[in-house]
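The values are calculated or read from the model by the stated rules, or taken from the named source; none is laboratory data. In this text, all values refer to a predicted model and were calculated from it rather than measured experimentally. Cβ placement follows ideal geometry from the backbone for every residue including glycine, while neighbour counts extend to all protein chains displayed. What goes into the accessible areas is simple: the full protein's heavy atoms, side chains included, and nothing from ligands, DNA or RNA. Shrake-Rupley method; radii C 1.70, N 1.55, O 1.52, S 1.80 Å.
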Amino acid sequence: MRPTIIMKNSILILALAVLMGACNEGSESEKLKAKLEKIEKDIQSQTIEAAELKEQIAELDPEFAKVTDQSVLIKSETVKPMDFKHKIQVQGEVASRKNITMGAETMGRVTQVNVSPGDMVKRNQLLVKLDAPTTENSIKELKTALDLAGTIFEKQKNLWEQKIGTEVQYLEAKNRKETLERQLATAQSQLDMAFIRAPFNGRINDVSVNTGELVQPGMPILNMVSQEEMYLQAAVSEDYINDFDQGDSVEVYLPSIKKSFSTIVSAVSYVINPNNRTFQLEVKVNEFVDKLKPNQFARLTLVDYENESAIVVPSDVVQQDNIGNFVYVVKSEKNQKKAEKVRVERGKTYNGNTEILKGIKSGDVIISEGYREAVNGIAVRLAQ
């Protein structure tokens, strides 16, 4: 028994040693990560401090920036007004104004189902028929009574024109005939409810009934959709409620078929949905209509801001310090080019470019490469 106990104790001690080793390794890793983070912060802080010191030295000792060893090799570009657009992307989906579920308007038993899901149908085509024996019999009786009433009316009319008989007899015959005509029209309308026809050209999406099934008024019969009036709809944040108008251009991408096309905004809702704080945007569909299906996903790219004569610079050249944003521009003094730190006010940023609202103007030359090595007043050399 004693050797077994010793073996068990050895295994336990070994497991504890492995666990403690793992804990020590994890603890050591965290220490190294913390040390690395501190070093990186120190480097960043020292870099900023070094740049500020260089600026201070250049201001106190103008010769400092003139020393060849202190010059910076750069590339530059001249600022020119350009058309700047800021765009947003929103998720949309395909919708159809002719995507309907047809229901029964009268009670009856299904006697014919002439379509199946996927079938293309034309307007007024008979889709489903219900039995209506009572209505059909009423129509037959009304037609017989109307034939008799019509004959009596014609005879009474002829007599009245010959000044034979009374006006009351003529009016009673006329009223009887017209009443039966209205009753026949009503019965015919009731019978028409038993014939469910396609209201437009389209495709059958779903059939909910079978032959022999008894249906009640309002019960779904089938669903059909048409591609004649497809459009795209999207829910857009209320932050953009005043940024879009009917006729604005839209770029559409359909991931499911990997197709893109250009179109326009067809309608903008000015009512905010209180549940998600969005408004509806509708976009016209003018391509790939035959490949679209309701609820199909689409990605919409819209221009929410445009400035046709904006001052635009690459976003990377706009730097930031404790005071704010700045860029370096190239200034010429006594046949020598120097870097000058200019404070700027940023506008919108899109696709790697940033609009500058204040600070620089058309014709200014900015440092486009080598700006991270530049300091205010330092000499610069243009790379060939």
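In whole angstrom, the range 178-314 maps to an equivalent ellipsoid with semi-axes of 45, 19, 15, each derived as √(5λ) from the alpha carbon gyration tensor and ordered largest first. Dividing the mean sequence gap of close Cα pairs (under 8 Å, 6+ apart) by how many residues the range 291-384 holds gives a relative contact order of 28 percent. If only the Cβ of Lys and Arg carry +1 and only the Cβ of Asp and Glu carry -1, the dipole of the range 105-166 around its Cα centre is close to 140 debye. Note on Asn223/Asp316: beta-carbon distance plugged into 1/(1 + (r/R0)^6) with R0 of 51 Å gives a FRET efficiency of 0.40. Rolling a 1.4 Å probe across the protein heavy atoms gives the range 300-384 an accessible surface of 54 Å² per residue. Based on C-alpha pairs under 8 angstrom that are at least 6 apart in sequence, the range 204-340 has a relative contact order of 20 percent. Based on the convex hull around the alpha carbon atoms, the chain presents an average projected area of 47.0 nm².
Sequence-distant contacts, meaning Cα pairs under 8 Å at least 6 residues apart, place the relative contact order of the chain at 26 percent. Multiplying the residue separation of Lys361 and Asn286 by 0.36 nm and subtracting their alpha-carbon distance yields 22.8 nm. Per-peptide packing, taken as the mean over residues of other Cβ atoms within 10 Å, places 226-233, 147-154 in the sequence 226-233, 147-154 from highest down. At an R0 of 51 angstrom, the distance between the Cβ atoms of Asn295 and Ile164 translates into a FRET efficiency of 0.10. Label zone of Asn275 (point 7 Å out along Cα→Cβ, amide N under 13 Å): in the range 90-113 this covers no residue at all. Computed about its Cα centre, the charge dipole of the range 225-357 is approximately 720 debye, with only Lys, Arg, Asp and Glu carrying charge at their Cβ. Only one residue of Asn276, Ile356, Gly218 has its Cα farthest out toward the positive end of the dipole of the chain, where Lys and Arg carry +1 and Asp and Glu -1 on Cβ, and that residue is Gly218. When the Cα gyration tensor is reduced to axis lengths a ≥ b ≥ c, the ratio a/c is 1.5 or higher for the range 211-263, and with a/b above b/c it is classed as prolate. Using R0 = 35 Å, the C-beta based FRET efficiency linking Ile323 and Lys38 works out to 0.85.
Can you give the helix-only mean residue ellipticity at 222 nm for the chain, where every DSSP H stretch with n ≥ 4 adds -39500 (n - 2.57) and the sum goes over all residues, rounded to the nearest 500 deg cm²/dmol? The per-residue figure over the chain is -11000 deg cm²/dmol.
Within the accessible area of the chain, what % is carbon and sulfur when the probe is 1.4 Å and the other protein chains stay in place? Of all accessible area on the chain, carbon and sulfur atoms account for 50 percent. Comparing Thr144, Thr166, Thr111 in a Gaussian network model of the chain, where Cα atoms under 10 Å apart are tied by springs, the biggest mean-square fluctuation is seen for Thr166.
Listed by chain and number, the lysines whose C-alpha is less than 29 Å from the C-alpha of Lys33, apart from same-chain residues fewer than 8 away, are Lys41.
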